[in-house]
Amino acid sequence: MLASSSKSFEDLERALGYQFRDKSLLLQAITHKSYASEHALKNYETLEFLGDSLINFFVVDLLISQFPEAPEGELAMMKSYFVSEDYLYELAEELSLDLYLLVGGKKKNNNNISPSLLSDTFEALWAAIYLDCGKSADQTKAIFHKLYKDRIIEAAKKGEYKRDYKTLLQEETQKRWKERPVYRVINVEGPHHNRVFEIECSIREYRATAKGKSKKMAEHLAAKKVLELIKSSEG
Ligand code: MN
């Protein structure tokens, strides 16, 4: 039934710490409309719609209980970062969701899946879990928090949501040279459920590489290093 490029669900279920009773829900969550129409399957769009709300709820619930004293404006800033396409894309990459995604037509090549498509699938996945466990928001939230609570709290404490090094670096290079840094994937290693990406960031004579569990994270770290190089070269 599945395309030859797609993985069996076992690794994904293991990574999630959740086993689906109804695998068709999981199948739907990874099925893009382009593939669905070619194979008479349901696509993930309504699941995405629901999953988007669930993730918002899980994140806000976590932030409120963790930072009860934080003003609403601060919480809103945190929330928008942790439910952003970029952040969810990073979580999706760690699950190797791109390897499962079923896309049809011109999008057949899984090597170039856009961040928005992958983050949509990630949202759909959480709706699939919610429906599969009998619409238990508590159970679904517990699975989400088990996977992501610590990293979200840690990132929030570090103020990561306020500092995007890729943006900071680009602002700096535009200001100095009217140029943008270039990012390049140097290496991808590790088993598919635990990949490590190595990215090089370069601009003019400045160059640094960094590794991360997602491209986004590796780019972020490489950008941080290059920014430090540029600043330290000022003497
Ligand atoms: Mn979406």
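Nothing in this text is a laboratory measurement; each read-out follows from the coordinates by a stated rule. For clarity, every value in this text was computed on a predicted model and none was experimentally measured.
Can you flag which of 79/135; 23/215; 79/158 are past 19 Å Cα-Cα? Don't skip to the end; give the middle numbers.
On the way: 79/135 23 Å; 23/215 29 Å; 79/158 14 Å.
Pairs exceeding the cut-off: 79/135; 23/215.
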Give me the log10 of I(q) over I(0) for region 76-210 at q = 0.16 Å⁻¹, as the Debye formula computes it from C-alpha points; what are the numbers? -1.08
Angle check, please: helix 72-82 long axis (alpha carbons) against the longest principal axis of the chain (alpha carbons), in degrees 0 to 90, nearest 10. 80
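If you count the DSSP beta bridges with both ends in the chain, what percent of them are antiparallel, to the nearest 5? Mind showing how you got there, number by number?
Details: 14 of 15 bridges.
Bridges in the chain are about 95 percent antiparallel.
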Note to self: C-alpha centroids of region 23-102 and region 160-188 sit apart, in Å, by 26
Cα-Cα pairs above 14 Å in region 18-76: how many percent? 67
Mean projected area in nm² (Cα convex hull; one quarter of hull surface) for the chain: 14.6
